[in-house]
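So the structure is just underneath, and the comments pick up after that.
The values are calculated or read from the model by the stated rules, or taken from the named source; none is laboratory data. A quick note: this is a predicted structure, and the numbers were derived from the prediction, not measured. For neighbour counting, all protein chains shown are included, and Cβ atoms are generated from backbone atoms with ideal geometry for every residue, glycine included.
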Amino acid sequence: MRPALKRVGAVAVGTAAGLILPEPPRRIHPVGLFGSVAARAEMAAWAPSRLAGALYWTALVGGTYALGTTTARRSGERAVAISLALAVGGGALYRSARIVCDALGIGRVEEARVLMKALVSRDADSLDEAAMVRGCVESVAENTVDAIAAPAVFALLAGAPGVSAYRAANTLDAMVGYRTPLYRDFGWFAARMDDIANYLPARLTVLATALCRPRLARSILAAARYQGRFHPSPNGGPVEAAFASALGIMLGGPALYGGVIEDRPQLGWGRPPRPGDIERAIVLSRQVTALSVVLACGTYLAGALAWHRLGLRLFLSR
């Protein structure tokens, strides 16, 4: 049980550090450096082919996992805490969302459009205030999984190499995982693998959202189940629907990605979001984050304890 307790401690410390400490500059941030390498590799590997995209993804994610394994052998559980501190992007997420909220609060719509580009992958130049608020809240909800819950889950399951590989896969999805003519085939594998990687963390986040708002738990779970399945993302949809229901607002609607309009389904039951709902979404995200990590660590410890008892029984029965 001691290794399991060390792993849980490393996950708790690393997640907290990622939420509190400022991120390194992009030019030296591991995720930024990986993105630069991936962009160069894309120029050499791109082809209108799913096979080319799969090979591109496998080489980059596999290489990142191998590098993470080398680091983990030298540093042990400290590598888990360090990798999580670098991978968890909750602090940057909340700061970016608050900056957009402040700009909208004083009527600087054009400035908010520019700031939105750091939060969303949709075309921000044509967004009005309502669409920017909606996109901001949706980004906070979805990134509660991508930037916080999922790295913690992969740290528990696979240590520092798992965190590194997950962030690599998530970054590749953000770079090439679109349904545009350029990436429809080449980015297909990256998008599917990101869906698989986030499946369990997204459901954990939905459960944590319901537990954080127990009076609304039934409507939160219903929104995630019945509305989220109509969303293009099998993971983003349920989480955004859960947040919308918990906040009493309505998300979804048309969004422009790479010049292509995607008509997203209605998520949640309530009024249209207002700028103040961005701060409410941040507060909810923090609560959900804490509970998600507690649930993940508790499940991990319960599994480790069950495995320990099973091994002890087999040993004593000999």
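Selection within the stretch 56-94: residues that are assigned to a loop (DSSP other than H, G, I, E, B) and under 22 Å from the mean Cα position of the chain (by Cα). The member of this set that is farthest from Cys136 (Cα to Cα) is Val88.
Are any residues in the stretch 296-318 hydrophobic (A, V, I, L, M, F, W, C), surrounded by fewer than 19 Cβ atoms within 10 Å (Cβ to Cβ) and at pLDDT 90 or above, and if so, which ones? Let's see the steps before the verdict.
From the stretch 296-318, those hydrophobic (A, V, I, L, M, F, W, C) are 296-297, 301-302, 304-307, 310, 312, 314-316; that's our starting set.
Among the residues that remain, those that are also surrounded by fewer than 19 Cβ atoms within 10 Å (Cβ to Cβ) are: 301-302, 304-307, 310, 312, 314-316.
Across the stretch 296-318, the qualifying residues are Leu301, Ala302.
Pairs linking a residue in the stretch 106-121 that is within 18 Å of Ile261 (Cα to Cα) and in contact (Cβ under 8 Å) with a residue 12 or more places away in the chain to a residue that is surrounded by 15 or more Cβ atoms within 10 Å (Cβ to Cβ) and of a type in the set (Ser, Thr, Tyr), with Cβ atoms under 8 Å and 6 or more positions apart or on different chains, are Val120/Ser139; Ser121/Tyr178; Ser121/Tyr257. Is it fair to say Arg27 is modelled with pLDDT of 95 or more and at negative phi? So Arg27 does not fit the description; no.
Of all residues in the stretch 193-204, none satisfies being farther than 29 Å from Leu182 by Cα, charged (D, E, K, R), touching a Cys at 6+ places or on another chain (Cβ under 7 Å) and touching a residue at least 12 places away in the same chain (Cβ under 8 Å).
Yes/no per residue for (1) closer than 30 Å to Ala191 by Cβ; (2) of a type in the set (A, V, I, L, M, F, W, C):
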{"residue": "Gly62", "(1), (2)": "yes, no"}
{"residue": "Ala66", "(1), (2)": "yes, yes"}
{"residue": "Glu77", "(1), (2)": "no, no"}
{"residue": "Val80", "(1), (2)": "yes, yes"}
{"residue": "Ala85", "(1), (2)": "yes, yes"}
{"residue": "Val88", "(1), (2)": "yes, yes"}
{"residue": "Arg95", "(1), (2)": "yes, no"}
{"residue": "Ile106", "(1), (2)": "no, yes"}
